[in-house]
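Presented below is the structure to which this report refers.
The values are calculated or read from the model by the stated rules, or taken from the named source; none is laboratory data. Everything numeric in this text was worked out from a predicted model, so none of it was measured. For neighbour counting, all protein chains shown are included, and Cβ atoms are generated from backbone atoms with ideal geometry for every residue, glycine included.
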Amino acid sequence: MISPIWYRVSRWVGIEYVSPNSIMQIFESFLGLGVGRQVRLGLILVWHAVVWTIWNSRNDIIFAGGSSTIDILVDKVKLYSWKWFLGKNPDSPCSLYEWEVQPRLCGLARQCEVVMLGSLRFWLCVIPWGVLL
């Protein structure tokens, strides 16, 4: 049940998943895929969220007779990692929806500015291939 979680999370963050032999190989693959420091730290944050989610689920199953599905566990990973990301980046405009759809774009939050058009507020984010509103 654990391998499908890693597979789904890897696809979510946009990396190729190859079934590793150990948890350290998974960590090293997440660590080695970050191009810049900020992306690497984000991937490590997601790795920790996966380990935390699996650990809590395992404890719930063993000690409380709980159960879970892959979908529920992956959703928990996304929620925990988003909350932890916001804890480290409290000024981030990244919503849970944006985090679930494209977490790597949320890492660019520090490169964004608030733009006011009348009474409307927009976040203007400059990314390498253009402008994202």
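Descriptive notes on the structure:
- Per the conditions (1) at pLDDT below 90; (2) of a type outside the set (Ser, Thr, Tyr); (3) surrounded by 11 or more Cβ atoms within 10 Å (Cβ to Cβ), the sole criterion not satisfied by MET116 is (3).
- Residue satisfying all of: in the stretch 1-25; modelled with pLDDT under 75 and within 16 Å of VAL77 (Cβ to Cβ); surrounded by the fewest Cβ atoms within 10 Å (Cβ to Cβ) among these: MET1
- ILE61 vs. criteria of a type in the set (A, V, I, L, M), buried (at least 17 other Cβ atoms within 10 Å of the Cβ) and either over 13 Å from the mean Cα position of the chain (by Cα) or at pLDDT 95 or above (or both): no
- Residues of the stretch 67-101 that turn out to be within 16 Å of THR53 (Cβ to Cβ), outside any helix (DSSP H, G or I) and of a type in the set (Gly, Ala, Ser), as a count: 2
- Single match in LEU79, LEU86, LEU124, LEU73 (criterion: modelled with pLDDT under 95 and either closer than 26 Å to ARG11 by Cα or among the β-branched types (Val, Ile, Thr) (or both)): LEU86
- With respect to the stated conditions, VAL39 fails to be at pLDDT 85 or above, surrounded by 14 or more Cβ atoms within 10 Å (Cβ to Cβ), assigned to a helix (DSSP H, G or I) and not aromatic (Phe, Trp, Tyr).
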